[in-house]
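As structure tokens, the structure follows; a few thoughts come after it.
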Amino acid sequence: MRYAILAVLMPAALMVKAVQTDSDSTLWLDDVTVTAIKQTTNLSLQPLASTVLNAGDIEAWNVKAVKNISEIAPNFYAPDYGSRMTSSIYVRGIGARMEQPVVGLNVDNVPLLNKDNYDFDMADIKKVEVLRGPQGTLYGRNTMGGQINIYTLQPMDYQGSRVAATLSNGPEARLAVSHYTKLRSNLAMGFAGNFVFSDGFYKNHYNARKVGTEKGGSLRWKTQWHATDNLAIDNVAAFSLTRQGGYPYEYAGSGRINYNDTCFYRRNSFSDGLTVKWNAGNFSLSSITSVQYLDDNMTLDQDFLPVDYFTLTQARHEWAVTQDLVARGATSSYSWLAGLFGFYKHTSMHAPVTIKEDGISGLITDRINNNDKIPVRLEWNEPSILLGSDFKIPVWGVALYHQSTLDLGRWNFALGLRLDYEKTALRYNSLCNTSYSVYMKKGMPPGALMSPEINIDETGRLSDDFVEFVPKLTVSYDLPMQSGSSIYASIGEGYKSGGYNTQMFSEVLQQRMMSEMMSAMPPGIMGGAPTGPDANVNDIISYRPEKSWNYELGAHIGCADGRVMTDLALFYIDCRDQQITTFPEGSTTGRMTTNAGRTRSFGAEVQISYRPTSQWDFALSYGYTNAKFVRFVDGNDDFKGNYVPYAPSHTLSARVGYTHRITDNWHMDYNMDVRGVGRIYWNEANTVSQPFYAQLGASVVARNSWVSIEGWIENATGTKFDVFYFESIGNRFLQRGKPRRFGVTLRMEFDASASR
């Protein structure tokens, strides 16, 4: 049925897409110069695969956060599940659910170091760039899958006030208010505030309360000072807070969300980025300095069942500073870029796991009491066991990078080199203080045989360092066509840093407990009991860097005087030690990042935009990825030849629109779009998967020079699909995709003085 609906809707979806061509529309933002420090502003001329969303695209696609870009860029998938902490992104078969990201994110040229801070509401965004393929030579660590650059509105280019209010089912409500002004001819300031409320789309049947709820807001203050004709100073300070309730994970056995313990995510974040740029014609020098702070708390009913099994908390305080110095120079045929980048990040984390009554039974006592070969039974003396873990995680790094570009007529050659050094350390303190009683099952008088205590107070320090040389070579050729067109080839290395699985410390403590219990028993009395080996902390929690070699062929083709633009790309990725998230077998309490031996992926991407007239606008993107394990044995099973989990095989988006002028001041935009993704395998064994699915969206906008009213709908057909799947303590869980959503958005602008 799903495919029948898709077959009917696809022709219609290729007939209606929002277009903003009137002089009063928001497309005037495209004319504002974007201050890109490491690349040119016109990515269609660059030898790389990219997707650019301008302000009109962001509005038409109803993009509110990075997750909403999913599928718009081919082979770019950012599933919307969990909380704002879960910023998982998959590109071309590689991705990360936890720990290090594979895609970097810069906001106004300032890098965000923690991917758990990627998911924020985007207000007054004028441009988003999605670069696919390794970008490590210019953007550094953890960009082996690509790079996202977000640019906000600049008060030197736009002065005025803006208001956007949305009300939709759920219910959900959003409000964005901003004001930009020039204080002097060379000094401008602006602020933007964004507020969100959501009552969620899911219900916990245990207490009949909504889960997936949210309250939050953000403020951004931007200052621009053009001190001289050659010197420009920009500063952006941003603060945001998020309060989310519950996680909409349903038990696959019952098809219901049904758990009893508290779940929430809370986040406060602050960042300040200072950019100083001195421009002397053919030479420029830029400094980008940032300070970042993250304070968050994730608390989970980790068993997600109506039982007292176990809960988890992860509370962090994290400070980070970054410094990037970039020099650029150019002559008529040669240009170069050189930079020095350094960062320091310090994380303090409190991450206790509480094993409750049912967990004590399932993880410990039942395994002994139900074993007929063991003559004793255990009873725990406390109703719960606290496995306490506290961490200090300092990480710092420094890098030198350079890129040279040579233009020889129609030929263009570029070579990028980066030398990266990173030092990571982990200081930990693991605590467990509990006791239990041992009774004979039969043949002995009543009373405890013994009542041992378990007292674990273990501290330690681990550290590692990584050195990586990251090269990239591209060759492009300008085709002899009237519109700008070129073909290119590139080869480059991708790199993702290693680290430590802090969530696995609960597993380490469990093994320490079992070891102490064994040593406390009389010799031979526990024969036949299932116990684990004494844990080696470093072996369990550490994971190695991920590396890849990427090969790409592509083309940018312009036809019909630029009315038709086509981007094509073919790629092959050979990845070593790919980092994937797994859950250890059996009734365990942790999840971990582990290294698959080797994977490979290949695929293709196509983007087509067509604007036959000022009224019609068509766009299509499609991505195909075939990502499989070449070598991966987890100790029990060989997954060679299986698909890499969580990375979709296909992504699809199409958008069409028509603009109709009603009067000199009013016109109507009629929009329709479709997004599709799948198949997605949920485990390494490829036994569970989500087939390809599509969602249909549409909107109607009435606008004039200062106000617009939009009615919109997403997932209009109510397509049912899963966006996440995982296993915990031997049980299977999933999150359903959001249902049909519809709403109204009002936008207003006052006293706008920027040129349109």
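The single residue among N62, N68 that is closer than 23 Å to S653 by Cα and either in a helix (DSSP H, G or I) or of a type in the set (G, A, S) (or both) turns out to be N68.
Taking the residues in region 90-115 that are basic (K, R) and within 12 Å of the chain's Cα centre (by Cα) as candidates, determine which candidate is farthest from I288 (Cα to Cα). If we take residues in region 90-115 being basic (K, R) and within 12 Å of the chain's Cα centre (by Cα), then R97 is farthest from I288 (Cα to Cα). In region 220-243, which residues are surrounded by fewer than 18 Cβ atoms within 10 Å (Cβ to Cβ) and charged (D, E, K, R)? Passing the criteria: D229, R243. Can you find a residue in region 687-704 that is outside any loop (DSSP other than H, G, I, E, B) and without any contact (Cβ under 8 Å) to a residue 12 or more places away in the chain? Yes, because at least one residue in region 687-704 is outside any loop (DSSP other than H, G, I, E, B) and without any contact (Cβ under 8 Å) to a residue 12 or more places away in the chain. Reported count of residues in region 635-679, each being within 15 Å of T625 (Cα to Cα) and out of contact with any Leu (no Cβ under 9 Å at 6 or more places or on another chain), is 13. Of D295, D308, all but one fail to be touching a residue at least 24 places away in the same chain (Cβ under 8 Å) and in contact with a His (Cβ under 6 Å, 6 or more places away or on another chain); the exception is D295.
Counting the residues of region 304-331 that are surrounded by fewer than 21 Cβ atoms within 10 Å (Cβ to Cβ), under 30 Å from G255 (Cβ atoms) and touching a Phe, Trp or Tyr at 6+ places or on another chain (Cβ under 6 Å) gives 1.
When S87 is tested against (1) in contact (Cβ under 8 Å) with a residue 40 or more places away in the chain; (2) crowded, with 24+ Cβ neighbours inside 10 Å; (3) closer than 20 Å to F721 by Cα, just one condition goes unmet, and that condition is (1). Out of all the residues in region 366-374, is one or more assigned to a strand (DSSP E or B), out of contact with any helix residue (DSSP H, G or I) (no Cβ under 8 Å at 6 or more places or on another chain) and touching a residue at least 60 places away in the same chain (Cβ under 8 Å)? No, region 366-374 has no match at all.
Checked against (1) in a strand (DSSP E or B); (2) among the hydroxyl-bearing types (S, T, Y); (3) surrounded by 20 or more Cβ atoms within 10 Å (Cβ to Cβ), T143 passes all but a single condition, namely (1). Scanning region 198-227 for residues that are more than 25 Å from the chain's Cα centre (by Cα) and of a type in the set (A, V, I, L, M, F, W, C) gives A208, W225, A227. Residues in region 553-573 that are buried (at least 16 other Cβ atoms within 10 Å of the Cβ), touching a residue at least 60 places away in the same chain (Cβ under 8 Å) and among the hydrophobic types (A, V, I, L, M, F, W, C): A555, I557, M565, A569, F571, I573.
From the list G193, G216, G200, the lone residue that is in contact with a Gly (Cβ under 9 Å, 6 or more places away or on another chain) and assigned to a strand (DSSP E or B) is G193. For region 175-209: of the residues being in contact with a Phe, Trp or Tyr (Cβ under 7 Å, 6 or more places away or on another chain) and within 30 Å of C263 (Cα to Cα), which is surrounded by the most Cβ atoms within 10 Å (Cβ to Cβ)? Among residues in region 175-209 that are in contact with a Phe, Trp or Tyr (Cβ under 7 Å, 6 or more places away or on another chain) and within 30 Å of C263 (Cα to Cα), the one surrounded by the most Cβ atoms within 10 Å (Cβ to Cβ) is N204.
Read-outs: derived from the displayed coordinates by stated rules, not from any lab. Owing to the predicted nature of the structure, the values given are computational and were not obtained by experimental measurement. Methodologically, a virtual Cβ is constructed for each residue, glycine included, from the backbone with ideal geometry; neighbour enumeration extends over all protein chains shown.
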